[in-house]
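Heads up: the structure comes next, in structure tokens.
Nothing in this text is a laboratory measurement; each read-out follows from the coordinates by a stated rule. Please read all numbers here as calculations on a predicted model, not as lab measurements. Reconstructed Cβ throughout: ideal geometry from the backbone, glycine too, with neighbour counts over all protein chains shown.
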Amino acid sequence: MSSQEEILNDGRFSCVTRDPRFWEMPEKERKIKIDKRFRAMFHDKKFKLKYTVDKRGRPVNYTSTENLRKFYALSESDSDLSENDSKERTEKKKKKKKAKPKGEADS
């Protein structure tokens, strides 16, 4: 790609490499943060559409959920909370299973 290097070294285009308007946006800033209230849209069937053709009529095989994951992300604090919530739920289920039934008496 020597032609690209020549373009970058050319004095006429040197301002493009220094101008932040032309820099690529970081992935963390690119996605819109969604809080836990809207977390269900990644899993709910109401938000899922299966596409067979794209807008130009070419055959494709993907769903709208992939687009949602591409443009939206759970916020950092909410994703941590959701992981802790799921851990707490599994611990509570384990405790309930270990609990003795009411009919048994301690001897």
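Need one word for segment 26-81: rounded, prolate or oblate. Basis is the Cα gyration tensor (sqrt eigenvalues a ≥ b ≥ c); a/c below 1.5 gives rounded, then a/b vs b/c decides. Oblate shape, in that a/c is at least 1.5 and b/c is the bigger or equal ratio.
Taking 25 Å as the limit for the C-alpha separation, the pairs Lys50/Lys70; Lys28/Lys50; Lys33/Lys55 exceed it in the case of Lys28/Lys50; Lys33/Lys55. Relative to the current alpha-carbon distance between Lys45 and Ser75, full extension at 0.36 nm per residue lengthens the span by 8.6 nm. Taking 7 Å steps out from each Cα toward its Cβ at Lys55 and Lys33 produces label points 2.9 nm apart.
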